[in-house]
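Asker: Dumping the structure here so I can ask a few things about it.
The values are calculated or read from the model by the stated rules, or taken from the named source; none is laboratory data. What you see is a predicted model, and the numbers here were worked out from it, not measured in a lab. Every residue, glycine as well, gets a Cβ built from its backbone with ideal geometry; the counts of neighbours run over all protein chains shown.
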Amino acid sequence: MTSNRLVDLPDPSPRAGSGSHAPLPERLTLLYRGPLASCDYNCPYCPFAKRRDSPETLRVDRAALERFTDWVAARAEADPGTRISVLFTPWGEGLVRSWYRRAITRLSGMAHVERVAIQTNLSGRTGWLADCDRTKAALWATYHPGEVAHERFLAKARELTAMGVRFSVGTVGLPEHLDAVRRMRADLPEEVYLWVNAAEGRSYTDAEAALWQAIDPHFHYSRLPHPARGLPCRTGDTVLSVDGEGNVRRCHFVDVPLGNLYDGSFRARLGPSACPLTSCDCHIGYVHLESLDLYEVFRGGVIERVPARWPS
């Protein structure tokens, strides 16, 4: 994960307006992560592997997600000039829970929602996506070679392709998985982008990096942390992180609250501001750095991680 070393930087320059009545930007991306932390996979590099949530935690997570979805729905009248995109980034696997499937289906049907996506291991069924607006609903799918058979994951990917669902596939760049990932890249439909995340804490020699770069031509963005301190970033302005209680932060990696979504207290603190972290090494963070060209690379597919010109 990204370094949490904070530095003193000026407060953001707020938009016109004041307090809970300050306007939202014309386009707003929300990264939502509720209390759900259970997962059906057992990846050795993940602290949430095979974790089980209590019935009470699941109840709270469901209620929190429904409240968040209601808030987005209410923007159609309360903030009619704002177009919203949502990326669900649960610690665990969300799509095995019915309330995440319902939320994505509902959000995709809202006229003011541009895109809704979720990070998922594709272990659940996919047929429910037929009820979504598939011009808006998308998946950020992760392939874990040690947890799922090649044929099973590939079958899910082919189902999504046949349904016309927009999605990317990704993996962690572990040397023991290289052959499996090469095989998956060869067998996936050509139009499906397969991305590779650098393994946390791992250094890659140029020769090692070249192996992954041959699979993912954008691997170089993930290989090394990006300098961030003092650089302009869209987070805190047009991109926000929201937790299950509605607490708003600029991103998942800066633990400084801007206010709360539901009482509107976050609005007064929205505005362009520099990143306070020393560096950023997670795609869902550094993709929003203005010092990088990733909004152009992923134009039209930022939240589901699909490049604009793929394949090319």
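Asker: Is one or more of the residues making up the range 129-143 modelled with pLDDT of 95 or more and over 30 Å from Asp70 (Cα atoms)?
Answerer: The answer is yes, given that some residue of the range 129-143 is modelled with pLDDT of 95 or more and over 30 Å from Asp70 (Cα atoms).
Asker: Does the range 85-100 contain at least one residue that is under 17 Å from Glu245 (Cα atoms), crowded, with 21+ Cβ neighbours inside 10 Å and among the hydroxyl-bearing types (Ser, Thr, Tyr)?
Answerer: yes
Asker: Given the conditions (1) surrounded by fewer than 19 Cβ atoms within 10 Å (Cβ to Cβ); (2) within 22 Å of Glu26 (Cβ to Cβ), report the number of the one that Gln213 does not fulfil.
Answerer: (2) is the only condition that Gln213 fails.
Asker: Write out, first by first residue and then by second, each pair whose Cβ atoms fall under 8 Å of each other, whose residues are 6+ apart or on separate chains, and whose first residue, in the range 253-271, is more than 13 Å from Ser241 (Cβ to Cβ) and of a type outside the set (D, E, K, R) while the second is surrounded by fewer than 17 Cβ atoms within 10 Å (Cβ to Cβ) and at pLDDT 95 or above.
Answerer: Pairs found: Tyr262/Arg67; Tyr262/Trp71.
Asker: Of everything in the range 109-165 that's of a type in the set (Lys, Arg) and not in a helix (DSSP H, G or I), which residue is surrounded by the most Cβ atoms within 10 Å (Cβ to Cβ)?
Answerer: Among residues in the range 109-165 that are of a type in the set (Lys, Arg) and not in a helix (DSSP H, G or I), the one surrounded by the most Cβ atoms within 10 Å (Cβ to Cβ) is Arg115.
Asker: Tell me, please, whether a residue that is within 22 Å of Val113 (Cα to Cα), touching a strand residue (DSSP E or B) at 6+ places or on another chain (Cβ under 6 Å) and of a type in the set (Val, Ile, Thr) can be found in the range 219-237.
Answerer: No, because not a single residue in the range 219-237 is within 22 Å of Val113 (Cα to Cα), touching a strand residue (DSSP E or B) at 6+ places or on another chain (Cβ under 6 Å) and of a type in the set (Val, Ile, Thr).
Asker: Tell me the residue from Thr205, Thr278 that is farther than 18 Å from Arg33 by Cα, surrounded by fewer than 19 Cβ atoms within 10 Å (Cβ to Cβ) and touching a residue at least 24 places away in the same chain (Cβ under 8 Å), please.
Answerer: Being farther than 18 Å from Arg33 by Cα, surrounded by fewer than 19 Cβ atoms within 10 Å (Cβ to Cβ) and touching a residue at least 24 places away in the same chain (Cβ under 8 Å) holds for just one of Thr205, Thr278, which is Thr278.
Asker: I would also like to ask the following. When the residues of the range 270-312 are filtered to those that are assigned to a loop (DSSP other than H, G, I, E, B) and of a type in the set (S, T, N, Q), which remaining residue is farthest from Arg115 (Cα to Cα)?
Answerer: Checking each candidate, the answer is Thr278.
Asker: Just wondering, is there one or more residues in the range 166-175 that are surrounded by fewer than 18 Cβ atoms within 10 Å (Cβ to Cβ) and either within 24 Å of Ala63 (Cβ to Cβ) or small (Gly, Ala, Ser) (or both)?
Answerer: No: zero hits.
Asker: Now a separate question. Quick one: is Trp212 touching a residue at least 12 places away in the same chain (Cβ under 8 Å), part of a helix (DSSP H, G or I) and more than 21 Å from Trp310 (Cβ to Cβ)?
Answerer: no
Asker: Return yes when Leu30 is outside any helix (DSSP H, G or I), over 23 Å from Val192 (Cβ atoms) and among the aliphatic types (A, V, I, L, M) and no when it is not.
Answerer: Yes; evaluated as a whole, the condition is true for this residue.
Asker: Just to verify a result, which residue in the range 166-193, among those that are in contact with a Ser or Thr (Cβ under 7 Å, 6 or more places away or on another chain) and not in a loop (DSSP other than H, G, I, E, B), is farthest from Leu154 (Cα to Cα)?
Answerer: His177
Asker: Can you tell me how many residues in the range 125-148 are touching a Phe, Trp or Tyr at 6+ places or on another chain (Cβ under 9 Å) and among the hydrophobic types (A, V, I, L, M, F, W, C)?
Answerer: Number of matching residues: 5.
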